[in-house]
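Nothing in this text is a laboratory measurement; each read-out follows from the coordinates by a stated rule. Please read these numbers as outputs of a predicted model, since none were measured by experiment. For neighbour counting, all protein chains shown are included, and Cβ atoms are generated from backbone atoms with ideal geometry for every residue, glycine included.
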Amino acid sequence: MATTAETFPRKVFRPSMLLYDKRYRSLTIQVVVLFLLMGFFAWLIDNTLTNLAALGRDFSFRFLGQTAGYDINQRLIDYNSQMTHGRAAVVGLLNTLLVAVLACVLATVVGVLAGVLRLSNNWLVAGLMTVYVEIFRNIPTLLWILIIFAIMTEAMPPPSAFRGEDATSSMLLWDTVAVTNRGVYIPEPLFSRSLGVIDMGSFLISIDLLAIVAVVGLSIWANKRLLAHATAVQNATGIRPKTWWKSILILVLPIVALLVVLGFHLGYPELRGFNFAGGTHLRNSLIALWFALGIYTGAFVAENVRSGILAVSKGQTEAAFALGLRPGLTMRLVILPQALRVIIPPLISQYLNITKNTSLALAVGYMDLRSTLGGITINQTGRELEGMLLMMLIYLVISLLISGAMNVYNARVKLKER
Amino acid sequence: MNKTVLLGSIAAASALVAGAASANTLQEVIDRGEVRCGVSTGLAGFSAPDANGVWQGFDVAMCRAVAAAVLDDPMAVEFVPTTGQTRFTALASGEVDVLARNTTWTFTRDVDLNLRFVGINYYDGQGFMVRGDLGVGSATELDGATVCIQTGTTTELNLADYFRANGMEYEPVPIETNAEAQQQYLAGACDVYTTDVSGLAATRASFADPENHVILPEVISKEPLAITVRDGDDRWAGVVQWTFFALVAAEEMGITSANIAELAQGTDNPEINRLLGTEGELGSMLGLDPEWAIRAISAGGNYGEIFAANIGDGTPIGLARGLNAQWTQGGLLYAPPFR
């Protein structure tokens with residue numbers, strides 16, 4: 001036994017082993033490639049800096065502090081032309097996020113409905129949904145955006161058509177909504193006994209909004225406690241106490257009371273001067289972008305949902321039926337929880353797609369990040385490289401945040417293996 | 001992975017910069033055999049392709065004059081349509097050699113963007129166009145109006161300043177090209193279209209019912225529209241600049257495309273002789289041959305002829321000479337002496 005150890009050669013490392021020894025060769029190749037890659041990027045960066053210097057341009061983000069000088073039509077925070085390019089970029093960023101969130105919600109609702117309905121036993125419904133999916137996902141997004149925008153601007157009446165005794169157009173829904181070729185005007189919520197705002201330095205927060213969010217949150221929490229209690233009683237006694245009227249009271253009463261206290265009323269749009277004034281103005285660019293992105297991506301979500309549901313084996317449904325569950329409950333309690341595991345990961349990609357596709361906003365003049373920072377600001381200051389890098393960084397961060405949040409959700413619904 | 005993406009995009013951006021500006025554009029143009037000229041994406045009278053796909057217009061004629069002077073062929077021009085957003089990048093990256101695209105000469109663009117504005121070929125100002133049936137007679141009545149505007153232009157800033165200074169509200173509708181703006185305005189999606197007055201006149205001329213649209217009397221800014229080249233190539237800047245001055249001087253001296261052949265035989269006027277190369281060596285100082293100016297002027301006529309043929313009273317655009325008359329006629333056109 002003692003002799004066996006001596007039959008192996010001693011472990012001596014020779015440089016040639018880096019190339020000829022299988023254990024080290026792959027490592028050598030990786031290191032060499034890494035150095036080549038780093039050299040390549042170093043050359044690119046150096047090339048950029050040299051060329052910038054040759055053009056007499058420096059690399060600086062000081063332009064973000066300069067006065068912007070241009071106006072932005074849709075602003076979620078206070079902004080005027082005397083504020084800085086940095087502020088304008090933030091206004092654009094908020095507009096990007098707004099349309100991205102709206103489109104994600106629409107895409108999810110449309111997608112889930114269409115995906116479930118496409119599996120319907122009703123031939124007509126399933127057929128219609130197939131047509132929807134195939135039409136929308138096979139025509140480029142930009143065209144959908146332009147089509148909806150064109151319909152809104154070309155086919156809707158101008159505000160002047162609402163004017164005078166012989167007006168050719170009238171407002172909808174008891175004179176509360178005006179659909180014009182400049183956008184849709186809807187009533188806005190107003191508070192006659194407002195609690196005011198909190199000044200956060202660079203932006204304002206409405207205390208009314210905070211109060212509403214707090215009350216709704218508390219109501220939902222209280223309702224959950226109520227249901228948990230009911231379940232506990234059911235487990236102990238076998239009889240579930242009636243909770244529906246308590247739930248309604250808990251959910252509805254506090255918020256109604258708060259709205260009454262705040263003096264909630266609606267501000268209606270009315271024709272004044274060139275345009276409608278009052279109410280909330282949903283611009284055509286927002287509507288076009290929102291609906292086009294929502295419905296286009298909805299088609300992809302529908303396919304994700306369908307594949308997720310089909311991935312759950314038929315035996316699960318049959319087993320649920322055998323236990324006496326009705327089809328609705330089967331879907332909710334058995335199929336969907338398992339289907340979500342398959343649906344969520346591709347859904348993350350669709351949300352990311354929507355967020356990135358909002359940069360098509362420029363086509364219809366929606367003032368998103370691409371149009372403010374990446375458009376007008378770059379143009380007025382001539383800082384293309386800085387502006388583009390900053391914009392890419394912002395989109396990157398947003399996308400990573402979305403995918404991070406969705407991954408957390410995915411971890412919660414995925415198969416728990418114990 | 002994400003780092004790789006970021007660096008990759010830096011790479012893409014730097015590739016853009018890497019194509020920039022060699023210092024001898026004149027030689028490059030001669031070797032290539034054509035001038036690359038940045039123009040608008042289509043503005044009737046200034047630069048737009050005609051029915052045969054040949055670019056025509058006031059700005060186009062400037063480029064043709066440069067091509068004639070340098071290459072002896074006014075048609076040796078490749079026209080590159082640029083938007084308000086892409087024009088400076090196109091010039092800086094070397095995609096075009098000269099930019100003749102209604103570009104306003106401003107301090108920042110000249111100094112910070114490192115452009116070289118070689119000559120103002122049209123003195124303009126920003127104005128407003130509205131429908132006649134709106135009953136608006138002055139820009140001060142535009143409070144609350146929806147205004148269509150080309151984004152990435154100086155007009156955007158002037159507009160903000162003007163409405164602010166007059167304490168009026170407005171709703172800007174940013175638009176990428178003149179054609180889209182026209183479509184939006186005609187659909188009634190905006191009450192007002194604002195751009196340089198020359199551009200408004202050109203746009204109105206292409207409407208089916210030009211008489212129903214009014215250009216308001218207020219001119220809210222100075223817009224010296226200049227021919228632009230890259231900074232850092234003085235020889236090429238000189239060629240473009242003096243080609244333009246040759247067109248201006250030709251009008252002042254009465255040299256037209258009709259009589260130039262006769263005048264090129266030699267005259268009693270020494271400045272005409274110097275310009276047309278029968279006397280002195282101005283051409284070789286530019287790096288060109290003595291007949292450069294003859295060719296430039298023959299290409300489309302002198303400044304006045306180009307103006308009259310493309311945007312003057314006799315055309316649908318119908319612009320008066322106004323500020324763009326010779327200094328001897330009460331205008332601002334003034335070419336330095338050829339000596």
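Restriction of the trypsin sites (Lys or Arg not before Pro) in the range A:207-246 to DSSP coil positions whose beta-carbon has at most 13 other beta-carbons within 10 angstrom yields A:K242. For A:T84, the residues 5 or more places off, or on other chains, whose built amide H falls under 5 Å of its own are A:A68. Taking amide H as placed 1.01 Å from N in the peptide plane, the amide H of A:V177 sits under 5 Å from that of A:L172, each at least 5 places away or on another chain. Direction-averaged projected area, Cα convex hull, chain B: 19.9 nm², rounded to one decimal. What the Cα atoms of the range A:255-326 give is an Rg and a Dmax of 23.7, 68 Å. Relative to the longest principal Cα axis of chain B, at what angle does helix B:154-165 sit, 0 to 90 degrees, rounded to 10? Approximately 40 degrees, to the nearest ten. Computed over the range A:186-336, the quotient of the alpha carbon radius of gyration and 2.2 N^0.38 Å is 1.58. Calculated [222 nm] ellipticity per residue, helices only, for the protein assembly as shown: -16000 deg cm²/dmol; basis is -39500 (n - 2.57) per DSSP H run with n ≥ 4, divided by all residues, nearest 500. Sparse packing (at most 16 other Cβ atoms within 10 Å of the Cβ) combined with a DSSP loop state is found for the following trypsin sites (Lys or Arg not before Pro) in the range A:137-208: A:R163, A:R193. Spatially, the range B:222-289 and the range B:138-209 are offset by 37 Å when compared through their Cα centroids. Taking Cβ atoms as reference points and 11 Å as the exclusive limit, the residues near B:G312 contribute a net charge of -1, counting Lys and Arg as +1 and Asp and Glu as -1. Taken one residue at a time, the phi angles of the range A:105-118 give Karplus couplings (6.51, -1.76, 1.60, θ = phi - 60°) of 4, 4, 4, 5, 4, 4, x, 5, 4, 5, x, 5, 5, 5 Hz. Gly and Pro are set to x.
Per the Cα gyration tensor, the range B:53-140 maps to an equivalent ellipsoid with semi-axes of 30, 19, 12 Å, ordered largest to smallest.
Considering only the Cα atoms of the range A:327-375, their convex hull presents on average a projected area of 5.0 nm².
Phi-derived couplings, Karplus 6.51 cos²θ - 1.76 cosθ + 1.60 at θ = phi - 60°, listed residue by residue for the range A:307-322: 5, x, 5, 5, 6, 7, 5, 5, x, 4, 4, 4, 5, 5, 4, 4 Hz, with x used for Gly and Pro. Within chain B, what's the longest run with no chymotrypsin sites (Phe, Trp or Tyr not before Pro) in a DSSP loop and at most 16 other beta-carbon atoms within 10 Å? Give the range, please. For chymotrypsin sites (Phe, Trp or Tyr not before Pro) (loop position, at most 16 other Cβ atoms within 10 Å), the longest site-free span of chain B is B:1-206. Can you tell me how the range A:20-109 classifies by the Cα gyration tensor, rounded, prolate or oblate, using a/c under 1.5 as the rounded cut? The shape class here is oblate. Under a 5 Å amide H cut-off, with hydrogens placed 1.01 Å from N, A:A277 pairs with A:E270, A:L271, A:R272 among residues at least 5 apart or on other chains.
The long axis of helix B:234-253 is offset from the longest Cα principal axis of chain B by roughly 90 degrees.
Each Lys or Arg adds one and each Asp or Glu subtracts one; over the other residues with Cβ under 12 Å from the Cβ of A:L286, this totals +1.
In this Cβ point-charge picture (+1 for Lys and Arg, -1 for Asp and Glu), chain A has a dipole of about 1980 debye about its Cα centre. For the protein assembly as shown, the Stokes-Einstein estimate of translational diffusion at 10 °C and a viscosity of 1.306 mPa s comes to 51 µm²/s, using the Kirkwood hydrodynamic radius over alpha-carbon pairs. Rounded to the nearest 5, the antiparallel percentage of DSSP beta bridges internal to chain B is 55%.
When both bridge partners sit in the range B:63-205, DSSP labels roughly 35% of those beta bridges antiparallel.
Seen from A:L98, the other residues with C-beta closer than 13 Å to its C-beta sum to a net charge of +1, counting Lys and Arg as +1 and Asp and Glu as -1.
Beyond 20 Å, what percent of the Cα pairs of the range A:66-129 remain? Everything past 20 Å amounts to 52 percent.
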